[in-house]
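Everything on this sheet refers to the single structure shown next.
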Amino acid sequence: MGYRRDSFAPEEWYHCYTRSVERSSDTRGVFADITDSERFLEALHLANSVEPIRRSDLYRPIHREILNLPRKNPLVAIGAYCIMPTHFHLLLKERIEGGISKVMQTVGTAFSMYYNIKHKRIGNVFVKPFRSKHVANEIYFRHVVNYIHLNPAELYEPGWKDGHVSDLARLEYSLRSYHFSSLPDYQGLDRPERALLDSEAMDLATNTDQSFSELLKETRDFYKEYESTF
């Protein structure tokens, strides 16, 4: 098991990331279906409080109803997220000291228990410890939000980071329609997942004057520098 040696400063944003332990070419990925991805988001919502809610205490929990449960005294603010087949990204800010580590640990444990029972397996589901990178300023914050939201582009246009996009309009539609990213919430779609996000963070990151092609180019340039240091 890996252990974290760095600490998180309250009221500072951090990009947190980890991948599944299974990365062979023949695997479908940990988040292989809608149910698994929804379960992860539900665990994230339930864990985000000084008084977390145990799923077992809920009667016949439904996804929408779980995300509508009020969370008092949240441990973290969530600025953006994206779930990919083999990994996930979270943009988090500590509201309470130790909040990021607590949420990541609780969500990882809850999802691993569910996943191991469902797939009749044992052991870690995600690589430990999770990785994190401090987001130092507002400009960097906007770049990281775009970085997270454009992660699914590789599912539709594998060459996009090298500037090869065969259908720009289709890629834009696919990203805006990707259910397991916070991008649809930033676009104003009315859905229960909006409850996960911090309103101030969304206001900070939103840029309505930028075209999709400009966003794609800017984020592609940012990827080259960012991924080399993450």
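More than 11 Å apart: what percent of Cα pairs in region 30-71 qualify?
Summing the P(r) of region 30-71 above 11 Å gives 65 percent of all pairs.
If you put +1 on each Lys and Arg Cβ and -1 on each Asp and Glu Cβ, how big is the dipole of region 78-214 around its Cα centre, in Debye rounded to 20? List each step's numbers first, then the result.
Numbers: 15 positive and 16 negative charges, 188 e Å.
So the magnitude is around 900 debye.
Principal axis lengths of region 11-82 from Cα atoms, whole Å, largest first?
That works out to 42, 36, 16 Å along the principal axes.
For region 1-134, just the Cα atoms, rotate onto the principal axes and tell me the three extents in Å, largest first.
Principal extents (largest minus smallest coordinate, Cα): 41, 37, 23 Å.
Divide by every residue of the chain the summed helix terms, -39500 (n - 2.57) for each DSSP H run of at least 4, and state the resulting mean residue ellipticity at 222 nm, rounded to the nearest 500 deg cm²/dmol.
Only helices count here, giving -12000 deg cm²/dmol.
Which option, (i) 8, 32, 36, 18, 6, 1; (ii) 6, 25, 34, 23, 9, 2, 0; (iii) 7, 33, 39, 19, 3, is the value of P(r) over Cα pairs in 10 Å bins from 0, in percent that was calculated from these coordinates?
Comparing each candidate, only (iii) matches the computed number.
To the nearest 10 square angstrom, what accessible area does residue 63 show with a 1.4 Å probe?
30
Counting only protein heavy atoms, what percent of the accessible surface of the chain is carbon or sulfur at a 1.4 Å probe? List each step's numbers first, then the result.
Values: 6090 of 12320 Å².
In the chain, the share of accessible area belonging to carbon and sulfur is 49 percent.
If you take every residue apart from residue 156 with its C-beta less than 15 Å away from the C-beta of residue 156, what net charge results, scoring Lys and Arg +1 and Asp and Glu -1? Before the final figure, lay out each step's value.
Values: positive: 161, 170, 176, 220; negative: 154, 157, 162, 167, 172.
With Lys, Arg at +1 and Asp, Glu at -1, the net is -1.
Filter 133/224; 133/217; 102/217; 72/120; 118/224 down to the pairs with a C-alpha to C-alpha distance above 27 Å, please.
From 133/224; 133/217; 102/217; 72/120; 118/224, over 27 Å: 102/217; 72/120; 118/224.
Over region 137-221, with the other protein chains present, what is the accessible area per residue in square angstrom, probe 1.4 angstrom?
Result: 52 Å² of accessible area for each residue.
List the relative contact order of the chain as a percent without decimals, with contacts defined as Cα pairs under 8 Å and 6+ residues apart. Please report the intermediate quantities before stating the final value.
Details: 312 pairs, mean separation 59.9, N = 230.
For the chain, the relative contact order is 26 percent.
Give me the base-10 log of I(q)/I(0) for region 48-87 at each q in 0.18 Å⁻¹, Debye formula, one uniform scatterer per Cα, rounded to two decimals.
-0.70
Treating the beta-carbon of each Lys and Arg as +1 and of each Asp and Glu as -1, no other charges, what is the dipole magnitude of region 51-112 about its Cα centre, to the nearest 20 debye?
140
Hey, how much of the P(r) for region 69-193 falls beyond 23 Å, as a percent of Cα pairs?
On the way: 3372 of 7750 pairs.
Tail fraction, whole percent: 44.
Using a Gaussian network model of the chain whose springs link C-alpha atoms within less than 10 Å, name the residue from 92, 171, 44 with the highest mean-square fluctuation.
It is 171.
Would you list which aspartates and glutamates come within 16 Å of residue 161, measuring only between C-alpha atoms, while excluding same-chain residues fewer than 8 positions from it?
Partners found: 172, 214, 218, 221, 225, 227.
What is the diffusion coefficient of region 133-184 in µm²/s, taking the Kirkwood radius over Cα pairs and the Stokes-Einstein relation at 25 °C with a viscosity of 0.890 mPa s?
Roughly 206 µm²/s, to the nearest whole number.
Nothing charged except the Cβ atoms of Lys and Arg (+1) and of Asp and Glu (-1): what's the magnitude of the dipole of the chain about its Cα centre? Round to the nearest 20 debye.
1060
Quick one: 3J(HN,Hα) in Hz for region 156-172, Karplus 6.51/-1.76/1.60 with θ = phi - 60°, rounded, Gly and Pro as x.
10, 9, x, x, 5, 5, 9, x, 9, 10, 7, 9, 5, 5, 5, 5, 4
Just the number, please: percent antiparallel of the DSSP beta bridges in the chain, rounded to the nearest 5.
The antiparallel fraction comes to roughly 100 percent.
Tell me, what is the percent relative contact order of region 1-122, built from C-alpha pairs under 8 Å that lie six or more residues apart? Write down the numbers at each step before the final one.
Numbers: 154 pairs, mean separation 41.3, N = 122.
Once normalised by length, the contact order is 34 percent.
The values are calculated or read from the model by the stated rules, or taken from the named source; none is laboratory data. Given the structure is predicted, the values throughout are model-derived calculations rather than measurements. For neighbour counting, all protein chains shown are included, and Cβ atoms are generated from backbone atoms with ideal geometry for every residue, glycine included. Just so you know, the surface numbers come from the protein's heavy atoms only, side chains and all, with ligands and any DNA or RNA stripped out. Shrake-Rupley method; radii C 1.70, N 1.55, O 1.52, S 1.80 Å.
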